[in-house]
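These notes concern the structure reproduced below.
The values are calculated or read from the model by the stated rules, or taken from the named source; none is laboratory data. Predicted, not measured: the structure shown is a model, and the values here were computed from it. With ideal geometry, Cβ positions are generated from the backbone for all residues, glycine too; neighbour counts draw on all protein chains shown.
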Amino acid sequence: MKTKNVTISLMLFIISAFFSLNVYSANFYWVGGAGNWNDSQHWSSTSGGSGGYGVPSLTDNAYFDANSGFTASSNTVTVNVATASCKDMDWCAKFSCFCNIKQQQYFKY
């Protein structure tokens, strides 16, 4: 009987641990005008903040807004890697919702 109780307790612990896992999603803001997707100096933790935050991953959100530093002559984000990932991509604040890309959208070049 004691073995059965231990087994049940262990199973409940594993199940609760599994369901308590949260996938952390960070917000990345593009800064500094034109540049390469994988250049961490173009990604900030805040809109208009300092670059160097890292590069978005599959679980992160990517924002492009009025503080991204785009100008008429400096307005291109080059995807210079085989796979550029993010959970959501939002251009609304800069372009009045010209482009708002949500999960599982795939683009090939």
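Does the stretch 1-57 hold any residues that are of a type in the set (G, A, S) and at pLDDT below 85, and which are they? Quick ask: steps written out before the conclusion?
Taking the stretch 1-57 as the starting set, the residues that turn out to be of a type in the set (G, A, S) are 9, 16-17, 20, 25-26, 32-35, 40, 44-45, 47-52, 54, 57.
Within the stretch 1-57, S9, S16, A17, S20 meet the criteria.
Of all the numbered requirements in (1) surrounded by 12 or more Cβ atoms within 10 Å (Cβ to Cβ); (2) at pLDDT below 90, Q105 misses one, and that requirement is (1). For the stretch 51-93, the tally of residues that are more than 19 Å from G32 (Cα to Cα) and among the hydroxyl-bearing types (S, T, Y) stands at 4.
A Cβ distance below 8 Å, combined with a sequence gap of six or more or placement on separate chains, defines the contacts here; from the stretch 30-44, residues that are in contact (Cβ under 8 Å) with a residue 40 or more places away in the chain and of a type outside the set (A, V, I, L, M, F, W, C) reach residues that are outside any strand (DSSP E or B) and crowded, with 16+ Cβ neighbours inside 10 Å in the pairs G33/S68; G33/G69; G33/F70; G35/H42; N36/H42; N38/V55; N38/A84.
Within the stretch 59-87, residues that are without any contact (Cβ under 8 Å) to a residue 60 or more places away in the chain and over 13 Å from W30 (Cβ atoms) have Cβ atoms under 9 Å from residues that are buried (at least 17 other Cβ atoms within 10 Å of the Cβ) and not hydrophobic (A, V, I, L, M, F, W, C) in these pairs: T59/K87; S85/P56; S85/D60, counting only partners at least 6 apart in sequence or on another chain.
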